[in-house]
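Written out below as structure tokens is the structure these notes cover.
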Amino acid sequence: MNESISIANPDSAGLNLQQKLALATGSIGILILLVTIAGVHLNSNIFLPLSIAMLFAGAAWYAHASYGKQPEGIKNNGVYHAALTNKGAIAWAIGIVLTGFYVLLYWFPASLGLANESSSNTGIIALFDPLSQFFTGEPADQWFVYGTLYTVAILAMGYKFLLKYRHNRYQTIRTLSVMFFQLFTAYLIPQILEGMHDDKAYFAKDIKNIWPLNHYFFESWHLDNMLSGGSLGMFYLVFGIFLFAVGTPIFSYFYGKRWYCSWVCGCGGLAETAGDPFRHNSTKTLRSWKIERWMVHGVLLLITIVTIVVLYGYFTNSDRFLGLSIYEYFTRPYGFVIGAAFSGVAGVGFYPILGNRVWCRFGCPLAAYIGLFQRFKSRFRITTNGDQCISCGNCSTYCEMGIDVKAYAQRGQNIVRSSCVGCGICSAVCPRGVLKLENGPEEGRFNHNPELVGKLHEPKAFGISDQK
């Protein structure tokens, strides 16, 4: 009991003892990784499992201490005051560290300890050598380290997400889905297959990483490696084309964008789990929405042009297009600017500042491709009950794709937007049950005459009469 008679608690709430111990546990796991980056050699057989175990244990313990005895769902207390969640000093520090790590990963892997032809791995990459040897029989490289840490992050923070939204069945199943696809289809199965076919040339074995997200799928070296990869390579080639050309339109017709972006995709999985504390930082302005549309569809157009050029070179057995080198003027610039700088460095490094779906919203060509089906030919929509909306704004605040959901809810208008990833958080945080994700018949999907609650709800009052 506070002995002062102040109504407001004058003491900072701070962290409880369990949260502090959990943070210390997880921090030791991170410290082991940082020590190896600094060049200190540690026994990999001891410190790699110790580091991963402490990261998991710290995250799970902290999640229990933070959410186990609290009401389920999002709480708005302090979210716009904490330095972590309101673009404060901690957020900027994390953003800079993440961005720096991605820069080293993509362009300076030797600084992380990647071996050259005359040496062996050192640093953090050497720490992961035993695990890589176990799966593939080969020493680790920077992408094995990245894939392992990426999977650990989704599993550990996914557990936190499950506790936080444990009241919502949709969120529980969806989160288990992204954890499953990351662990098995993106990590374990590709590593095991790589080990079983180490005599074959490399080709991408994450079966859900389809074109145009996998921008090198149709490049000559990748096509040749799949064609020379026996029955496994042929399966990945045929299934990759089928999933892009047939599977995606069919799934998108029935379920909208959410079947991939919120249930399967690894980028979306990381955004939904590790990026959850930053989802409210996605800007909702009309200007950002206009920029988003130009950028994401521009990237889709760009990769389409690059792929046409690449296929032209493949079938004509030429490395030039209109006199220009295909590698120097098409594939290399796209891989550098979009494949590395945008999707990797900015896509994750800018989580704390621009929200957790920077890449999905502004740059992912696959999201743009699926979004076209969702917008023009799909059964998916979010229906609203305008009479029940109390304008609390939770839905708009926590929409990671920058959609002003409240404006639709107030008008009782169905939400049919190409950018919506169907994460369902807007529905989960609504205290009145106004929003509902549906896959009903196409008829009535666009309700052009929504139920208006009051005069203020005229379209012009919100400036969104053309937002469809």
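Solvent-accessible area of segment 263-330 (1.4 angstrom probe, protein heavy atoms only): carbon and sulfur portion equals 69 percent. According to the Cα-based calculation, Rg over Rh for segment 313-429 is 1.16, with Rh computed by the Kirkwood formula. Of all lysines in the structure, the ones whose alpha carbon falls short of 22 Å from that of Lys160, not counting any fewer than 8 places away in one chain, are Lys20, Lys69, Lys75, Lys87. For the set Arg320, Arg166, the ranking by accessible area, highest first and with no ligand, DNA or RNA atoms included, is Arg320, Arg166 under a 1.4 Å probe.
Averaged over its residues, the chain has an accessible area of 48 Å² per residue, based on protein heavy atoms and a 1.4 Å probe. Note on Lys164: aspartates and glutamates with a C-alpha under 14 Å away, same-chain residues under 8 apart excluded, are Glu72, Glu272, Asp276. Within the same chain, lysines fewer than 8 places from Lys200 are excluded, and of the rest, those with a Cα less than 28 Å from its Cα are Lys208. In the chain, the DSSP-assigned H stretches of four residues or longer account for a calculated mean residue ellipticity at 222 nm of -15000 deg cm²/dmol, using -39500 (n - 2.57) per stretch and the full residue count as denominator.
The residues neighbouring Arg279, those whose beta-carbon lies less than 15 Å from its own, together hold a net charge of +4 under the Lys/Arg +1, Asp/Glu -1 convention.
The Cβ shell under 15 Å around Gly26 holds other residues with a net charge of +2, Lys and Arg each +1, Asp and Glu each -1.
Peptides 288-301, 118-131 ordered by packing proxy, namely the average of other Cβ atoms within 10 Å per residue, highest first: 118-131, 288-301.
Each peptide in 54-61, 31-38 receives the mean, over its residues, of other Cβ atoms within 10 Å, and ordering these scores from highest gives 54-61, 31-38.
Under 5 Å between amide hydrogens, built in the peptide plane, is the criterion, and for Gly256 it picks out Arg379, Phe380 among residues at least 5 positions away or on other chains.
Ellipsoid semi-axes for the chain, based on the Cα gyration tensor and the rule √(5λ), read 38, 32, 19 Å when sorted largest first.
The values are calculated or read from the model by the stated rules, or taken from the named source; none is laboratory data. It should be emphasised that the depicted structure is a prediction, and the values quoted were computed from it without experimental measurement. No Cβ is skipped: glycine too gets one built from the backbone with ideal geometry, and neighbour counts run over all protein chains shown. Remember, those area values only see protein heavy atoms, side chains included, never the ligands or the DNA or RNA. Shrake-Rupley method; radii C 1.70, N 1.55, O 1.52, S 1.80 Å.
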